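Take a look at the structure below.
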Amino acid sequence: MRRSTLGRIWPGATAVVLFLAFVFPVYWMFSTAFKANKDIVSEDPVWFPASPTFEHFERAVQADGFWTLVRNSFTVTLVAVALSLVIALFASFAVARMRFKGRKSFILVMMMAQMAPWEVMALAYYIIVRDAEMLNSLVPLIAIYTVMVLPFTVLTLRGYVAAVPKELEESAMVDGCTRTQAFIKVIFPLLAPGLMATSLFGFITVWNEFPYVLILNKDASAQTLPVWLTGFRTAFGDDWGATMAASSLFAVPILILFVILQRKAVGGLTSGAVKG
């Protein structure tokens, strides 16, 4: 009886502890953004801002070039994610449905590319972009980020395409559709959860990426928001209030996207992980 009770309690208790461990830093970031400076530097922790203030947010958005960086971040992120989805749709369909020479090798290369640390390629990418005279441009960033998220996108969508019964596609082809039409009209609508999962992963990856934009784009007008987060320093040290306010603003688009896509994204991740 006692073991049965403990068996029911400990999973829930573990989940609560993990939830608090992950949520607390986020709460502290948002709460610090609304605290007065004296509360931020107080020796005794101030758990709740007694008199919430928006001065840190005002200072964050008034930083030089803020709206240019917002535009750059959204442009790079949305274009890179869209390109990776389009390419991965056709690549995943080919890998899941067709049998061709080198198929297993292609899948292995995708997995290796997914596991490889992208920082090791920074020098090579810098030399290529420099020789192409494309430093301080958003185009190389878009190309690099597309390649960066492509392996995960292909592997996840491959599993989801493989989960769609072949009979649906064959029925459409019997009714007169070409293979491409069958893919667009039959398979594509069923891939919504997988597309949501991969787009969410790609958005988070590209939105948060910092090293490449710092290496390739020294011009402030060609940088993105992660670089903006490092700029809140004064003669007296780090401006923690403005830093936390900026971090909160930076996290808002991801939180909104996750709330919108949550259910379909979780379903897409699990389906792509276990099928195919």
Scan of the stretch 38-51 for residues that are within 16 Å of ALA245 (Cα to Cα) and under 32 Å from the mean Cα position of the chain (by Cα), ordered by number: ILE40, PHE48, PRO49
If you scan the stretch 87-108, which residues turn out to be open to solvent by 80 Å² or more (accessible area, probe 1.4 Å) and under 22 Å from ALA197 (Cα atoms)? ILE87, PHE90, LEU108
Could you grab me the full set of residues in the stretch 166-197 that are open to solvent by less than 60 Å² (accessible area, probe 1.4 Å), touching a Lys or Arg at 6+ places or on another chain (Cβ under 8 Å) and in a helix (DSSP H, G or I)? GLU169, ALA172, ALA192, PRO193, MET196, ALA197
Selection within the stretch 121-154 - over 13 Å from ILE215 (Cα atoms) and of a type in the set (A, V, I, L, M): ALA132, VAL139, ILE142, ALA143, VAL147, MET148, VAL149, LEU150, VAL154
What are the pairs, 6+ residues apart or on separate chains, where a residue within the stretch 51-63 that is closer than 23 Å to PRO226 by Cβ has its Cβ under 7 Å from a residue that is assigned to a loop (DSSP other than H, G, I, E, B)? ALA63/GLY231
Could you list all residues from the stretch 46-68 that are open to solvent by less than 90 Å² (accessible area, probe 1.4 Å) and not in a loop (DSSP other than H, G, I, E, B)? GLU55, HIS56, PHE57, ARG59, ALA60, VAL61, PHE66, THR68
Would it be correct to say that LEU200 is open to solvent by 60 Å² or more (accessible area, probe 1.4 Å), modelled with pLDDT of 80 or more and part of a helix (DSSP H, G or I)? no
Kindly provide the set of residues from the stretch 203-228 that are polar (S, T, N, Q) and open to solvent by 20 Å² or more (accessible area, probe 1.4 Å), ordered by number. THR205, ASN208, SER221, GLN223
Contact list please: Cβ distance under 7 Å, first residue in the stretch 155-167 and among the charged types (D, E, K, R), second residue outside any helix (DSSP H, G or I) and crowded, with 16+ Cβ neighbours inside 10 Å, pairs at least six apart or on different chains. ARG158/GLY276
Meets criteria (in a helix (DSSP H, G or I), touching a Pro at 6+ places or on another chain (Cβ under 7 Å) and open to solvent by less than 20 Å² (accessible area, probe 1.4 Å)) for VAL129: yes
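The values are calculated or read from the model by the stated rules, or taken from the named source; none is laboratory data. Computed from a prediction, not measured in an experiment: that's the story for all the values here. Here the Cβ is made from the backbone with ideal geometry for all residues, glycine too, and neighbour counts use every protein chain on show. Note: areas computed on protein heavy atoms with side chains; ligands, DNA, RNA excluded. Shrake-Rupley method; radii C 1.70, N 1.55, O 1.52, S 1.80 Å.
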